[in-house]
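Heads up, the thing below is written out as structure tokens.
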Amino acid sequence: MEDDSPHELWRRRTEIPLALCSMLFLGSYAARVLAYDMPSFWRDVCVALTLGTWVLFAIDYAVRWRMSGKGVSFIRTHWLETMVLILPLLRPLRVVRLYEAVQMRHGEPRLSLYARVMVYAGMSVMLLGFAGALAVYHHERQAPGADILTFGDAVWWTCTTLSTVGYGDKAPVTPVGRLVAVGLMACGLGLLGAVTGSFSSWLIQVFTLEDNKRRARSRR
């Protein structure tokens, strides 16, 4: 039975608008970073869009907190929304929530559990990787002694960091760049573990079904 509580109704009504805000945030931030020599008017527009999305997320968070009536425990039970509000680079992850809502048809997900985990992890990696590369390039390209000087360098460094390979040919030198690196390493470990565990569980399930069918045929 579908939950029609005020909190759930608000969540469903704001799911798509907030996901669009996440894409708008990522687009405006990417434009500001990659086209850093744009006219000052358009730069101000990008800054206004970036700040405007944060205000909308803050309003949504405050409304949902008040509707829940849980007090401080709301922060613990809605950790993703809390992290998205505090850390702007996690804001694009709301797009994953939109994908989840689209996949639900008649109250049931269209994909299996293992497929959903792998798809969500893959989307999260791409969104976090792109946002992380933008942040690192933004703060590193003009830093003294930096070796991440192009966006291509930032993408390469992000890929090696998220995959936990870490060649060491590129490394951030600024405090913000290193903070982003810590976050990407933690996310890379978690997402890689989720994908690996789901794939392993799926293989075990497939092999178990094949063994059961083989034993059933041998008993006939």
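The values are calculated or read from the model by the stated rules, or taken from the named source; none is laboratory data. Computed from a predicted model, the values in this text were never measured in an experiment. Glycine gets a Cβ as well: all are built from the backbone with ideal geometry, and neighbour counts include every protein chain shown. Ligands, DNA and RNA are excluded from the accessible area calculation, which covers all protein heavy atoms including side chains. Shrake-Rupley method; radii C 1.70, N 1.55, O 1.52, S 1.80 Å.
Observations, loosely collected:
- Flag if Ala30 is touching a residue at least 40 places away in the same chain (Cβ under 8 Å), closer than 17 Å to Leu90 by Cα and open to solvent by less than 40 Å² (accessible area, probe 1.4 Å): yes
- Residue count for segment 59-90 satisfying the condition of being among the hydrophobic types (A, V, I, L, M, F, W, C), over 16 Å from Trp10 (Cα atoms) and in contact (Cβ under 8 Å) with a residue 60 or more places away in the chain: 2.
Let's see how each residue does on (1) buried (at least 22 other Cβ atoms within 10 Å of the Cβ); (2) touching a Cys at 6+ places or on another chain (Cβ under 6 Å); (3) among the hydroxyl-bearing types (Ser, Thr, Tyr); (4) touching a residue at least 24 places away in the same chain (Cβ under 8 Å):
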{"residue": "Gly122", "(1), (2), (3), (4)": "no, no, no, yes"}
{"residue": "Gly129", "(1), (2), (3), (4)": "no, no, no, yes"}
{"residue": "Tyr137", "(1), (2), (3), (4)": "yes, no, yes, yes"}
{"residue": "Asp147", "(1), (2), (3), (4)": "no, no, no, yes"}
{"residue": "Trp156", "(1), (2), (3), (4)": "no, no, no, no"}
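- Residues (surrounded by fewer than 17 Cβ atoms within 10 Å (Cβ to Cβ), among the hydrophobic types (A, V, I, L, M, F, W, C) and either within 16 Å of Leu80 (Cα to Cα) or touching a residue at least 24 places away in the same chain (Cβ under 8 Å) (or both)) located in segment 5-19: Trp10, Ile16
- Meets criteria (part of a helix (DSSP H, G or I), within 21 Å of Leu162 (Cα to Cα), open to solvent by 60 Å² or more (accessible area, probe 1.4 Å) and at pLDDT 75 or above) for Met67: no
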